[in-house]
Amino acid sequence: MPSAPEQPSATSFHSPGEVLALISSGAARTRADIARLTGLARSTVSSRVDALIAHGFVDEAAEGGSTGGRPPRRLALRTGGHTVAGVDLGASHCRVVLRDIGGAVLAVQEDPLSIADGPDPVLRHVERTLRALTEEAGRPPGTLRSIGVGVPGPVEFSTGRPVDPPIMPGWHHYPIPDFFAARLGVRALVDNDVNVMALAEQRQAFPDCRFLLHIKVGTGIGCGIIADGRLHRGAQGSAGDIGHIRVTERDEPCRCGNTGCLEAVAGGSALAAELSRLGRTAATGSDVVRLAQSGDREAVRLVREAGRAVGEVLAGLVNFFNPDTVTVGGALAAAHDPLLAGLREVVYRRSHPLATRVLRIEPSRTQQNAAALGAAILATEHALSPAQVDRAVTTGRG
């Protein structure tokens, strides 16, 4: 099922793009459905649908089962000539997924790659990967409609530029969308990685959930917010930056320049450093997970304590935002038993009973694919937006 843009109101279906929103969402399956839902004249409906067919957005085929007379003809989103890409840029990896606009995964590739290498070598690697994947999938480069990119740092979403990202030296205000527009001729939408993770969780795993928080617990800690079915970024795109909320009177230094931040207490690097002081071999959050999964008592204890620290912040969010679902992902979530045990212990104790009456707290269902899938969903929703479809129908370009 494609991730379609939100259906417009019944009084606004004046363009082919708005009609496509009905078809791609499954609300309309025939021309008669469109006329009934919109109140448009049959001739206007035919004009809109014919334009969508001519530009490769819609297929129309006869349905079986007719008992006489002219058989009904069903409309469906045409996925073959339209692809999107989702790019997950992590601190030390690059994962790219190529999908059609119906949501089918066509190709995936993950490579080790340091975000600290800077924008030019990293983005050129993404470009090469995208060209290779489109060839592997047998799709001409011209079928690529848009690209979604998730990065591990704050992003001004309106411009797609990272803003003072702590682990991305050289990326401050770099115009990522301009790179892809110049090299591939397509629009790129850039967002913080935890935002696109939240989008993947809600669209792929919990489609009936309207209020969801996705907590990423890795080297950094962040929160993606789905409010009434929509991704909430805040005024400047920094909503959900919970890793720098103060949670302790201790003075653990944080990379943001403050002390006692949640990330400095419960992030993967902080736990690895503590385990190293205890004589274990641990340099990263992945090492912490490895030790916890092997049964190391100190690692299990620290992961559970990290869950409690995250729970202290999350309890406030639950009281304030009242989500019905919380999902937990990121590198440390691989050790989800002790992490979630500590987190749930505090949330259910510290939150109001009404706020937790139907609350579920679960490990991520999209797991390591979350950021790439969410970025692809972001790209799909852009490609299927009425404004973008209307532009394609008018100019002949996606």
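A compact table of results
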item	result
Residues that are closer than 17 Å to LEU199 by Cα and part of a loop (DSSP other than H, G, I, E, B), drawn from region 105-156	PRO152, GLY153, PRO154
Matching residues, region 153-194, being free of Cβ contacts under 8 Å to residues at least 24 places away in the same chain and closer than 27 Å to ALA392 by Cβ	THR159, PRO175, PRO177, ASP178, ALA181, ALA182, GLY185
Leading residue by the ranking (nearest to LEU20 (Cα to Cα)) among those in region 83-109 that are among the charged types (D, E, K, R) and touching a helix residue (DSSP H, G or I) at 6+ places or on another chain (Cβ under 7 Å)	ARG99
Qualifying residue in region 178-198 (condition: modelled with pLDDT of 95 or more, of a type outside the set (A, V, I, L, M) and in contact with an Asp or Glu (Cβ under 6 Å, 6 or more places away or on another chain))	yes
Candidates GLU305, GLU298, GLU312, filtered to the one that is assigned to a helix (DSSP H, G or I), within 15 Å of LEU340 (Cα to Cα), in the same structural domain as HIS352 (by TED's automatic domain parsing) and without any contact (Cβ under 8 Å) to a residue 60 or more places away in the chain	GLU305
Qualifying positions in region 168-224 - part of a strand (DSSP E or B) and farther than 25 Å from ALA270 by Cα	ARG187, ALA188, LEU189, VAL190, ASP191, PHE211, LEU212
Of all residues making up region 196-212, the number that are farther than 16 Å from ASP228 by Cβ and buried (at least 20 other Cβ atoms within 10 Å of the Cβ)	3
Residue that is modelled with the highest pLDDT [pool: residues in region 48-87 that are in a loop (DSSP other than H, G, I, E, B), surrounded by fewer than 19 Cβ atoms within 10 Å (Cβ to Cβ) and in contact with a Lys or Arg (Cβ under 8 Å, 6 or more places away or on another chain)]	GLY56
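Every residue, every condition in (1) surrounded by 21 or more Cβ atoms within 10 Å (Cβ to Cβ); (2) in a helix (DSSP H, G or I); (3) modelled with pLDDT under 95, yes or no:
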position: LEU343; (1), (2), (3): yes, yes, no
position: ARG349; (1), (2), (3): no, yes, no
position: LEU354; (1), (2), (3): no, no, no
position: LEU373; (1), (2), (3): yes, yes, no
position: LEU378; (1), (2), (3): yes, yes, no
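The values are calculated or read from the model by the stated rules, or taken from the named source; none is laboratory data. The structure presented is a predicted model; accordingly, all values stated were derived computationally and were not measured. So basically every Cβ, Gly included, is an ideal-geometry build from the backbone, and we count neighbours across all protein chains shown.
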